[in-house]
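S.K.: Quick one: the structure is below, questions incoming.
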Amino acid sequence: MNFPRAANDDWPGISTIFSFDKVDNRPVSHHILIAYDELYSVEYFHRKLKPYWKCNGLEIDELLIKAETEYASVRNRCNEFNKILSKELNDRGGIKYSKVAELAFRQCLSAHTIVQDFDGTLLMFSKENSSNGCIGTVDVNYPAAPFFLYFNPNLLKAQIIPVLNYAASPHWKFPFAPHDLGIYPKANGQLYGGGESSEHNQM
């Protein structure tokens, strides 16, 4: 095994081939399941937490079987939700607003990962896609808050709990909120700026 290595060193790749047999004017569709497994998703104050989908003991092979079994029903539910969301957005801001907001919906969700703490508490962490890859950054949480407040307040709570717990802990001694919880995937304490030790270059 050639690990660790740079991303552009012997690029990993994946491919598949579908046979569509005869193609005519009737639509034909195929799908493929692609997934990656992870033992743990986030380290939160030195506790390694599994991704939420693993919380009931599900393993990757079972997840793929479940995904395939439920594919049609989940797709139908997603299509129905998309219609409702698209109409609501279009009614409020027009077609251009709707198209941008639909993309933002997916982007906002994909910027987060969901885990369950040892006591069963749902936790959700954002990851910056630029800068230094901070986890649980308040300037990412803030613009995402209205989204989760509207669509799922439980996820907003899961997003805020880690920051509030950290701010209330002995590790954070300043009278202002921390900027972040660390660098993804380790949410063990702020490293940005002066970190926990200095007010220098704090956000």
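S.K.: Looking at the stretch 144-164, can you tell me whether even one residue there is modelled with pLDDT under 95 and among the polar types (S, T, N, Q)?
M.R.: no
S.K.: Given the conditions (1) at negative phi; (2) in contact with a Phe, Trp or Tyr (Cβ under 6 Å, 6 or more places away or on another chain), and given that MET124 satisfies all but one, which numbered condition is not satisfied?
M.R.: Of the numbered conditions (1) at negative phi; (2) in contact with a Phe, Trp or Tyr (Cβ under 6 Å, 6 or more places away or on another chain), the odd one out for MET124 is (2).
S.K.: Without any contact (Cβ under 8 Å) to a residue 12 or more places away in the chain and not polar (S, T, N, Q), is that true of LYS83?
M.R.: Yes.
S.K.: Next question. For the stretch 123-147, give me each residue that is touching a residue at least 40 places away in the same chain (Cβ under 8 Å) and over 12 Å from TYR44 (Cβ atoms). Quick ask: steps written out before the conclusion?
M.R.: The initial filter retains those residues of the stretch 123-147 that are touching a residue at least 40 places away in the same chain (Cβ under 8 Å), namely 123, 125, 127-128, 132-139, 147.
Passing the criteria: LYS127, GLU128, ASN132, GLY133, CYS134, THR137, VAL138, ASP139, PHE147.
S.K.: If you go through the stretch 2-54 one residue at a time, how many are under 25 Å from GLY136 (Cβ atoms), of a type outside the set (A, V, I, L, M, F, W, C) and surrounded by 10 or more Cβ atoms within 10 Å (Cβ to Cβ)?
M.R.: Total meeting the criteria: 12.
S.K.: Only one of (1) surrounded by fewer than 17 Cβ atoms within 10 Å (Cβ to Cβ); (2) of a type in the set (Gly, Ala, Ser); (3) at pLDDT 90 or above is not met by GLY193, so which one is it?
M.R.: (3)
S.K.: Could you tell me whether any residue of the stretch 82-98 is within 30 Å of TYR40 (Cα to Cα) and either surrounded by 13 or more Cβ atoms within 10 Å (Cβ to Cβ) or not assigned by TED's automatic domain parsing to the domain that holds LEU181 (or both)?
M.R.: Residues of the stretch 82-98 within 30 Å of TYR40 (Cα to Cα): none.
No, the stretch 82-98 contains no residue that is within 30 Å of TYR40 (Cα to Cα) and either surrounded by 13 or more Cβ atoms within 10 Å (Cβ to Cβ) or not assigned by TED's automatic domain parsing to the domain that holds LEU181 (or both).
S.K.: A further question follows. Go through the residues of the stretch 91-114 one by one and say whether even a single one is acidic (Asp, Glu), at pLDDT 95 or above and more than 17 Å from ASN165 (Cβ to Cβ). Even if it seems obvious, please write down each step before you answer.
M.R.: Step one: filter the stretch 91-114 for residues acidic (Asp, Glu), giving 91, 102.
Keeping just the survivors that are at pLDDT 95 or above gives 91.
Subsequent filtering for residues that are more than 17 Å from ASN165 (Cβ to Cβ) retains 91.
Within the stretch 91-114, one or more residues are acidic (Asp, Glu), at pLDDT 95 or above and more than 17 Å from ASN165 (Cβ to Cβ).
The values are calculated or read from the model by the stated rules, or taken from the named source; none is laboratory data. These numbers come from a predicted model, not from an experiment. In this analysis, Cβ positions are derived from the backbone assuming ideal geometry, glycine residues included, and neighbour counts consider all displayed protein chains.
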